[in-house]
Amino acid sequence: MKPIQKTDLDRLREKIRRIKGGRMDPGAPSSPHPTDETGTPNDSLPYFKQDQPEHYDAEQYLDGEVKENQWGRYFLSERFYPGDKRHGNYDVSALSDLPAELLSGISRGQIPPHDPSRWAFLDTETTGLAGGTGTCAFLVGVGTIEDGGFRVRLFFMRDYDEEAAMLVALADLLQWYDVLVTYNGKTYDVPLLETRYRLARKPFPFERMHHLDILHGARQLWKLRMESCKLTHLEYEILGFVREGDLPGEMIPYYYFEYLRTRQAFRLVPLFHHNVMDIVTLACLTGVVLPAFAAPAAANLHHGQDILGLARWLQRGRASDNANADANELYRRAIDAGLPDENLFRALWETALIEKKRGRRDEMIRICRDLAEVRNDYRTAALAELAKHYEHHEKDLDQALAFTIQALEHEPNSELDHRRNRLQRKLAKQARGHDPLQSTMTTAS
Amino acid sequence: MRRQAAREADFREIPSSVASPLREVLSKRDIQRLYSHQFESWEKIERGESIVIPTPTASGKTLCYNLPVLNSLCSDRDTCALYLFPTKALAEDQLDELQGLISGMGSDIRAFTYDGDTPRDARKSIRQRANIVLTNPDMLHSGVLPHHTRWARFFEHLEYIVIDELHTYRGVFGSHVANIFRRLKRICAFYGSKPRFICCSATIANPKELAEKLIEQPVSQIESNGAPQGERFFAFYNPPVVNQQLGIRRSYIAETRRLALSFLERGLQTLVFANSRLATEILVRYLKDATARGSLPPSSIRGYRGGYLPRERREIEKQLREGQILGVVATNALELGIDIGSLDTVVMAGYPGTVASTWQRAGRAGRRQSLSLAVLVGSSAPLDQFILQHPSYFFDASPEHAQINPDNLEILISHVRCAAFELPIQDGETFGPHPTADLCEFLKDDGVLHHAGNSWHWTSESYPANAISLRTITSDNFVIVDISGEPNVIGEVDFNSALTTLYEKAIYLHEGRLFHVERFDYAERKAYVKNVECDYYTDAIDYTQVKVIETFESAPLGSSKAGPAERRHGEVRINRQIVGFKKLKFYTMENVGAGNLSMPEQELHTTAFWLHFPSSFLPSLTAYSPAEKQGGLAGLGNVLRTVGSLLLMCDPRDLGVAMSSAGAISSDTDRTGPASEPELYLYDNFSGGIGQSEPLYCMHADLLQRSQELLAACPCAAGCPSCVGPLGEVGEKAKEVAAQFLNHLLTQDSGQAAPAWRKAPALPGRESSRSRSGDSPIASVQPQ
């Protein structure tokens, strides 16, 4: 084997530089002195102390302090939102008044009641979205509800060698809480942290906690109306909060890498702000979402589509008379509040099905007649439903046949064909028993 | 024609350490004893060694690994094993086999395949529950290792890694796989496991060396082979020459059909191997047509190739085993270890490319009790002709050496990226044998690594495994779109061939039809073609410049009046550009037009083996014009490439040929410069080189001598595509001049013998070109 020579690497470097069309700048990153954008060494700046890497200046730019545990150091920053603070149109003090039982509705009974003081809102900032073991959560924010307001703690690793200490500190805090609340955490944050804990060979703190991923509830309520259910989008649309000075999510890894390279902590300010905002918004959205699911019939919703989303969620759950009645009520409210056509017809159809289930045939027939009048996706199904009704309940075979034929005109299918043939046979038989003339006329039509 | 005598089975008692459930399932399958190689494997694995088992097809090698793995699982239900196969189909096949054993044991051992076809929702449960995972290197590389934390349980309990079809891991692919094993071993170390490796290989010259290069730890080779073997015959058949001038022989496809049919009509179960999908389909059609006129039902003939559905293939395999199918035409898909039982006769349409895979295919014929026969029908390709003219090369020489170069810097560094992504690289850590400090510094400059504490961390948003494809770089292939009617994709061509065959105004040949290239979209990697009828084809004119960057070694070679030439190897930079094309008339090769092209220049930094001639060398050949000399050198290059790829067990396309473009031999450069020293290069056609140049340098004696034999044995008058290349390219004197060059190079060249392991047995001179009898004389198969 020929050992790898420095010259080989130089050649490869040269080649890569050519391939990249000179975009790679080997001078800047490999230089022993960090440089700012203009290329001038900046070790004269007051916050850079090259020889004492433990004196990073994070604490100068960010509220917080360097903490230490048996695995080393990490950085902790705390923010407190007093009860009188509003986040958009949401009153932060309302959080501590949320009842413990709220959790059961949205989780369909999976999460037992826990007082809001036992909830932890969590959000991570990571080095990318690629997934796998090479993606790291460098900043983990935890929000908790306290008597006088809302507290956010930000656990931060100033460099990769602080990760273990940070993860252990996070686990130490979480042991005081029982319910983890996240936004897309089931798919993203928690599996990612699980990988980090395993790589650091530290116990994973989430196993004993209940996990509530608000994204699922939020989608249920708002996906019909909103073009996106991204947290920042809902923050503006639902909470009416306008975030200022925020950085786009895709820039986050870049900011952190730049900080690692330059040690310029001012680059972190927008990252920390972003994470705090995400957590406060998550908590406030939780305060909006949970009550709707806990008492759907009484939900404080005003848009038809939001109400419709909740009605569908209710309908998908375990069927009971109460739930059906509530769902029905919600469908009606949604229709009354106003719905775009495609939602409206489906809502009508769902209501018809519920009425049928509840044995309220008249209601069902009334809705089906409405649906049969105009062009929509449920017209054939409604006509078929009417035909069934007239055949079996009203015993009016002529009427049933008329609906069947009408349905066949819109959308031929074998089941309807079958029904028509059967109705015609029945009618013919009837006619032979009574009036041969009439039977000829009916079959001819 | 050669005969192999029948061999009795060599049995050993089943070792007492085999657990009783396994013993029972073996006895249910009527296995009361083990073959000697299975026994030897067992003993070595028991001792904790890693092993390589080089045995031919159908010798019961899967039991060599299934036995110890299942036995460990009998005593410890937590044990895990990773089985690697080069293809998904093989993994499926082996899963069936393994499931059979497991259910026979009445056990709940959990074995699964895990690859691109595994449904998303099944993956989690496989990761959490599997004892045995069957996968391929590509999936390990991009799907498992970068997510190893999800496989924590599996890696913690990983005791065995089985590498089947080891011989397929050679060249660029093998070099990647060796680096994947470096990564795999790092991950195992993280979880505290130290698995043993069990490798199975077809017959190659260096199974132990290849295994040790791939996994970088000592491997013990199983020497015995106790599988029984019936009497076998192996015949070479060269279709008769129909045009002496152009060296054209009767179609090998037609001859294959004729031979196969004569076997089928005698009720012999026959497997026909073809080298391409197209040839496979043609032969299936020919044979079905022929049987339709005879007594056999056409349903007794089937095709078998990669594009068939798995279910279809399982069915064919089963019907073959059960004798419902009499004839199958297959590509190399059936060459690897798929279980189809053994057949009476094998007919190979064309030389498969390597000695090893020829034996592998021939091994499909081999009844344990009765006679069997394998026939190789040669095509007019140079390799085929060389083999057929030199049966002793094939029968007596050792099979090829599989070469890999895990230390190719570009391959290495891309896997260091992946490794850093998977686990931070500690200071002082080595990657394979390499210290990582410089490599990490390099990647830091590239902006993807960052040093903190005492290790290097991955600081990039990207997922590096996705940027590396282990096999040919598929993303760079060109798609050929036929726009004669509705746009229709008719094929795909790799990057390098695309530049020389798909330029605008080119005539592209596809499945015997001619297409005119209307538009060549370089950026989109597409070529738009229209079906045409014309009487010419096109040939690209490329302009290749070679610059030697560093000469590693050189030695004098031969001697002529003009002084000794030299053989050298080292690092080179190749710049290649397609500058134009010629239009050549079919059959007459008359030049009927030309055009200019300006295609993007390609640069390749690689290793090469080359011949260096003194400046006085060319002028000393006074009988020839400069153009003839140049043609001769080009012709020699083609011959050397053919023989070189044979010796290296590589695809001829893995070796590039180039000449120095210096004055005296090039027609389009200035001749007034200083007397030039021409050079003829054989370079690794892969950036960074894959370790083929140094072996060529060492094998020079073999290389040159066999080249001379190839020229001498080729029956053409003045050169043909089977030796120096088409006359239209190299000129009418090429064969003659190339032979002269070789004479000079071989004169008095006796000093530097190749190292013993590389040296093939001496050839018995010119007589070797005639078919020689084997152990017992058998009448030759005569063309009719």
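Each reported figure results from applying straightforward, stated rules to the coordinates on display, with no laboratory input. Only a predicted model underlies this, so the values are computations on that prediction, with no experimental measurement involved. Note that each Cβ is placed from the backbone with ideal geometry, even for glycine, and that neighbours are counted across all protein chains shown.
Here the protein assembly as shown is described by how far its Cα atoms reach on the three principal axes: 106, 105, 76 Å, from widest to narrowest.
For B:I161, A:I279, B:I541, the sequence from fewest to most other C-beta atoms within 10 Å is B:I541, B:I161, A:I279.
Per the Kirkwood formula applied to alpha carbons, the stretch A:140-215 shows a radius of gyration over Rh ratio, Rg over Rh, of 0.96.
Across the options B:I340, B:P464, B:G294, the greatest Cα extent toward the positive end of the charge dipole of chain B (unit charges at beta carbon of Lys, Arg, Asp, Glu) belongs to B:G294. Eigenvalues of the alpha-carbon gyration tensor of the stretch A:198-318, scaled by 5 and square-rooted, set the equivalent ellipsoid semi-axes at 34, 20, 11 angstrom, largest first.
For the stretch B:2-221, the Kirkwood radius over C-alpha pairs fed into Stokes-Einstein at 25 °C and 0.890 mPa s yields D = 137 µm² per second. The label-point distance for B:D535 and B:A712, in a model that sets each label 7 Å from Cα toward Cβ, rounds to 4.2 nm.
Relative to the longest principal axis of the Cα atoms of chain B, the long axis of helix B:734-746 makes an angle of roughly 70 degrees. With θ taken as phi - 60° and the Karplus curve 6.51 cos²θ - 1.76 cosθ + 1.60 applied, the whole-hertz 3J(HN,Hα) list for the stretch B:279-293 is 4, 4, 5, 4, 5, 4, 5, 4, 5, 5, 4, 5, 5, 4, 7 Hz, x standing for glycine and proline. Inter-chain neighbour count for B:319-330: the average number of beta-carbon atoms from partner chains within 10 Å of each residue's beta-carbon is 0.
Provide a whole-number value for the mean count of partner chain Cβ atoms within 10 Å of the Cβ atoms in peptide B:446-457.
The shielding value for this peptide is 5.
For the stretch A:145-211, GluC sites (Glu not before Pro) are listed when DSSP marks them as loop and at most 11 other Cβ atoms sit within 10 Å of their Cβ; the list is A:E207. For the stretch B:684-726, the Kirkwood estimate of hydrodynamic radius, built from reciprocal distances between every pair of different alpha carbons, is 12.2 Å. Looking at the P(r) of the stretch A:298-444, how many percent of alpha-carbon pairs lie beyond 21 Å? Percentage above 21 Å: 51. Put simply, the amide H of B:F552, placed in the peptide plane, has neighbours under 5 Å in B:H569, B:G570, B:E571, leaving out anything fewer than 5 places away on its chain. Summing charges over all other residues whose Cβ lies under 11 Å from the Cβ of B:V448, with Lys and Arg as +1 and Asp and Glu as -1, gives -1. Peptide B:427-437 has a mean of 1 when you count, residue by residue, the C-beta atoms of other protein chains within 10 Å of its C-beta. Note on A:K429: lysines with a C-alpha under 16 Å away, same-chain residues under 8 apart excluded, are A:K395.
For chain B, taking a cut-off of 4.7 Å between Cβ atoms, the unpaired cysteines are B:C64, B:C74, B:C80, B:C188, B:C199, B:C200, B:C418, B:C440, B:C534, B:C650, B:C698.
Here, chain B has an Rg and a Dmax of 27.5, 85 Å when only alpha carbons are counted. Annotation for the stretch B:1-43: GluC sites (Glu not before Pro) lying in DSSP loop with at most 10 further Cβ atoms inside 10 Å of their Cβ are B:E8. Exceedance of the 24 Å cut-off in Cα-Cα distance is limited, within the set B:K444/B:K547; B:K124/B:K318; A:K357/A:K388; A:K230/B:K444; B:K547/B:K582, to B:K444/B:K547; B:K124/B:K318; A:K230/B:K444; B:K547/B:K582. Full extension of the chain between A:K186 and A:N69 gives 39.3 nm of extra length, using 0.36 nm per residue less the Cα-Cα distance. If the segment from A:E146 to A:D396 were pulled out straight at 0.36 nm per residue, it would be longer than the present Cα-Cα gap by 83.3 nm. Residue-normalised convex hull volume from the C-alpha trace of the stretch A:58-294: 122 Å³ per residue.
For A:K67, the lysines whose Cα falls under 24 Å of its own Cα, not counting residues fewer than eight places away in the same chain, are A:K49, A:K202. Annotation note: trypsin sites (Lys or Arg not before Pro) in the stretch B:15-84 located in DSSP loop regions with a Cβ neighbour count of at most 14 within 10 Å are B:R29, B:R47, B:R77. Net length available on complete extension from B:E441 to B:R525 is 26.7 nm, with 0.36 nm assigned per residue and the Cα-Cα distance removed. Considering only the other residues whose Cβ falls under 10 Å of the Cβ of A:D178, what net charge follows from Lys and Arg at +1 and Asp and Glu at -1? Summing Lys/Arg as +1 and Asp/Glu as -1 gives +1.
Counting only residues 5 or more places away or on other chains, whose amide H sits under 5 Å from the amide H of B:I163 once H atoms are built in the peptide plane? It is B:L84, B:I198, B:C199, B:C200, by chain and number.
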